[in-house]
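The structure under discussion appears below in the form of structure tokens.
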């Protein structure tokens, strides 16, 4: 498997385009995009578990009853959630895209991100859709879906299936309102692999649990989160509709892309200055390890300590202690690590003398690891988060105004 850098147009038959249509006042910021396959795709999607769901999610669930789609129309700057005409406007957006592309409206999916409760400027969107030019330049679309993101999030891979070259690539946006119960972001993944909807759906749900559901920035789960995977089959590999070697290869490619995008989202948390990787080692089960690791990655106190370069390991053990799972604190060892080195700060659940200067140097690096060894089994889980800085409050204090 080879990493490439071709985004959502790495796969054969996919084009995309983006435009500024007036949702935002900043004319240099594109905020409307199309992602289109030349042929119908087997399609799977997962959505936020927030009980308040935006209109695009509800529309997509209807359109994906048959497991097929051919295009996605996405906008940033407005969530089209909890607005008076949200359902109607979501449909109008899909219909406008379908008319431009010569498709049935049921073959178009919609995604929106931005401020909740504000009426979508649907006339601007309809007019903007008409002006979008489709190319293989994925970068402008990756930028168009960004809100408070500071970096483009992309990952794509190339691999072989029974002698055929296959591609799978994705883009994502996410910086704030990042916490599990799907993945708290928008993510679009395309592939030219020939694979059934059922297999794609199974792989997506499995990998969401191990990637997007293992990141946390601020503990908030959005109303608009979704991850969509489209497979158009143009690689012409032998059709995959059951478990086997080929299915395992596609699953590995999907996990590679999703994990890379998840880490990019955690690293780009609003106002963040450090990526925090939490490794829970030697747990009795994967579920126990995940519950403990996510509790640590989600701790505001721990995030603040990392921002202050304070090796306050007690906040790690405390976060583990209020997680909804049992463990023996008297067995736990805790380490802080980065490319500056590694230091043991807690042994068998008790404080020990350690090199504070080395710990501070470790925590000064942009990417740090917090490692907890439970000495209870052989299960391992990694989760990701970021530090909590002054800028997070600044960004979110006036997000709407």
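Read-outs throughout are calculated quantities, based only on the coordinates presented, and are distinct from any laboratory measurement. This is a predicted model, so every value here is computed, not measured.
Laid out as a table, the results:
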{"quantity": "Among (1) 69, 53, 34; (2) 83, 49, 37; (3) 79, 50, 45, the entry that matches Cα extents along the principal axes in Å as calculated here", "calculated": "(1)"}
{"quantity": "Rounded to 5, percent antiparallel among DSSP beta bridges of region 275-397", "calculated": "75"}
{"quantity": "Alpha-carbon centroid distance for the pair region 240-309 / region 349-377, whole angstrom", "calculated": "18"}
{"quantity": "Separation between Cα centres of region 320-339 and region 145-166, rounded to whole Å", "calculated": "34"}
{"quantity": "Helical contribution to [θ] at 222 nm, DSSP H n ≥ 4, -39,500 (n - 2.57), averaged over the chain, rounded to 500", "calculated": "-9500 deg cm²/dmol"}
{"quantity": "Fraction of beta bridges assigned by DSSP in the chain that are antiparallel (%, nearest 5)", "calculated": "70"}
{"quantity": "The chain, relative contact order [Cα under 8 Å, separation at least 6], %", "calculated": "17"}
{"quantity": "The chain: most fluctuating residue of 331, 120, 34 per GNM, C-alpha cutoff 10 Å", "calculated": "331"}
